[in-house]
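The values are calculated or read from the model by the stated rules, or taken from the named source; none is laboratory data. These numbers come from a predicted model, not from an experiment. Here the Cβ positions follow ideal geometry from the backbone for every residue, glycine too, while neighbour counts run over all protein chains shown. Ligands, DNA and RNA are excluded from the accessible area calculation, which covers all protein heavy atoms including side chains. Shrake-Rupley method; radii C 1.70, N 1.55, O 1.52, S 1.80 Å.
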Amino acid sequence: GEDVEQSLFLSVREGDSSVINCTYTDSSSTYLYWYKQEPGAGLQLLTYIFSNMDMKQDQRLTVLLNKKDKHLSLRIADTQTGDSAIYFCAAISGGYQKVTFGTGTKLQVIP
Amino acid sequence: DSGVTQTPKHLITATGQRVTLRCSPRSGDLSVYWYQQSLDQGLQFLIQYYNGEERAKGNILERFSAQQFPDLHSELNLSSLELGDSALYFCASSVGDTPKEQYFGPGTRLTVT
């Protein structure tokens with residue numbers, strides 16, 4: 001089945017850009033997602049990209065997809081302390097269209 | 001606020017017991033998904049219901065079962081509870097029968113003692 005991998009931790013200074021990376025294994029994945037989870041809360045859908053796209057921009061968020069390398073990244077411009085959270089990458093694949101989540105990357109923003 | 005509600009927020013119970021978690025999807029959403037989030041297993045998909053019918057099954061144990069009612073709310077039943085079942089259980093909903101755009105509830109934290 002699908003396997004989605006992320007690094008566990010990222011620390012950046014307020015105002016810098018953050019780049020969170022993710023790799024997946026199933027080349028037939030159709031949609032790839034980024035979710036944000038703040039402490040004690042559920043997952044918030046941030047953005048998603050269809051597999052026939054290379055890039056998607058939404059205000060401070062830029063998603064890049066490299067299908068050849070099965071690599072997805074999320075860039076947050078002008079990172080703020082409110083961006084501190086765990087970010088999950090996820091992929092939909094398979095006949096049943098199941099979602100597989102990565103382990104999550106904890107983003108720490110230093111003031 | 002995603003519009004998905006889950007009750008209860010917290011649940012503490014003993015090993016061997018049975019509990020029921022409840023989820024109400026966003027208005028207009030026909031699919032409900034259940035996920036388990038634990039420190040060692042991460043976020044795992046359990047099961048999906050679409051308009052009352054089971055649609056997809058993930059890593060759901062035989063001790064666990066779910067259903068979706070005519071009013072589209074869903075319940076996840078966990079029985080013969082073990083210490084390892086302690087986790088956050090999330091419900092999510094989507095309009096259609098694929099998880100293309102899912103919205104998550106705040107979760108139910110289950111502690112088995």
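Which chymotrypsin sites (Phe, Trp or Tyr not before Pro) in the stretch A:31-111 pass both tests, a DSSP loop state and at most 11 other beta-carbon atoms within 10 Å?
On the way: sites: A:Y31, A:Y33, A:W34, A:Y35, A:Y48, A:F50, A:Y87, A:F88, A:Y96, A:F101; in loops: A:Y96.
Within the stretch A:31-111, no chymotrypsin sites (Phe, Trp or Tyr not before Pro) qualify (loop, at most 11 other Cβ atoms within 10 Å).
Of the heavy-atom accessible surface of chain B (probe 1.4 angstrom), what whole percent is carbon and sulfur? C and S fraction of accessible area: 47 percent. Residues of the stretch B:33-61 buried by at least 50 Å² of accessible area upon assembly of all protein chains, compared with the chain on its own (1.4 Å probe): B:L43. Treating r as the C-beta distance of A:D58 and A:Q108 and R0 as 22 Å, the FRET efficiency rounds to 0.45.
The convex hull defined by the C-alpha atoms of chain A has an orientation-averaged projected area of 6.6 nm². For chain B, a Gaussian network of Cα nodes joined below 10 Å ranks B:E54, B:E62, B:E75 by mean-square fluctuation, and the top entry is B:E62. Interface residues of the stretch A:76-111, defined as those losing at least 30 Å² of solvent-accessible heavy-atom surface relative to the isolated chain (probe radius 1.4 Å), are listed as A:Y96, A:Q97, A:K98, A:V99, A:F101.
Centre-to-centre separation between the Cα atoms of the stretch B:6-42 and those of the stretch A:67-97: 24 Å. When restricted to Cα atoms, the protein assembly as shown yields an Rg and a Dmax of 17.5, 51 Å, respectively.
Peptide packing: for B:3-14, B:30-41, the average count of neighbouring Cβ atoms within 10 Å per residue gives the ranking B:30-41, B:3-14, highest mean first.
Residues of the stretch B:76-113 that bury at least 20 Å² of accessible area once all protein chains are present, compared with their chain alone (1.4 Å probe, heavy atoms only, ligands and nucleic acids left out), are B:F90, B:T98, B:P99, B:K100, B:E101, B:Q102, B:F104, B:P106.
The portion of the accessible surface of chain A made up by carbon and sulfur, rounded to a whole percent, is 49 (1.4 Å probe; DNA, RNA and ligands excluded). Label separation (B:E82 vs A:F9): 3.1 nm, computed from points 7 Å beyond Cα along the C-beta direction.
Remark: the protein assembly as shown carries 48 Å² of accessible area per residue (probe radius 1.4 Å; ligands, DNA and RNA excluded). Only protein heavy atoms count here, probed at 1.4 Å, and on that basis chains A and B bury about 1400 Å² of accessible area in total.
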